[in-house]
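The structure appears below as structure tokens.
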Amino acid sequence: MVALAGPAASAEVVAKRRIDMATTFDEGAVYHKGQHLSFDRAEALIRSSEDKFERTARQALSELVAELKAAGCEAVASGLVSAAGRRSRPWPRS
């Protein structure tokens with residue numbers, strides 16, 4: 001995550017964070033791992049992982065927003081960069 005402050009033409013980085021969504025191969029490679037499971041078990045694994053990753057991201061973002069607020073900054077917008085050619089899920093997830 002990167003937080004910027006100031007006018008768009010001269011914005012400055014005021015905070016940077018790395019969010020580790022998975023710390024092991026098995027935790028992060030759920031699609032690869034799911035190939036060897038029945039459809040129902042693979043679907044459950046993927047949904048469970050997506051939920052965990054979403055909780056992790058939301059927690060990290062909440063912590064950064066709180067830190068910015070404590071420093072006198074107000075979070076007014078956010079964006080998500082995804083890999084080229086991939087569609088992101090609608091947010092928030094229903």
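Observations on the structure shown:
- Residues in the stretch 17-43 that are basic (Lys, Arg) and surrounded by fewer than 10 Cβ atoms within 10 Å (Cβ to Cβ): Arg18 alone.
- Every listed requirement among (1) of a type in the set (A, V, I, L, M); (2) surrounded by 11 or more Cβ atoms within 10 Å (Cβ to Cβ); (3) in contact with a strand residue (DSSP E or B) (Cβ under 7 Å, 6 or more places away or on another chain) is met by Ile46 save one, (3).
- Scanning the stretch 16-44 for residues that are at pLDDT below 90 and either of a type in the set (A, V, I, L, M) or under 26 Å from Ala75 (Cα atoms) (or both) yields Lys16, Arg17, Arg18, Ile19, Asp20, Met21, Ala22, Ala29, Val30.
The values are calculated or read from the model by the stated rules, or taken from the named source; none is laboratory data. What you see is a predicted model, and the numbers here were worked out from it, not measured in a lab. A quick note on method: Cβ atoms are made from the backbone with ideal geometry, for glycine too, and the neighbour counts reach across all protein chains shown.
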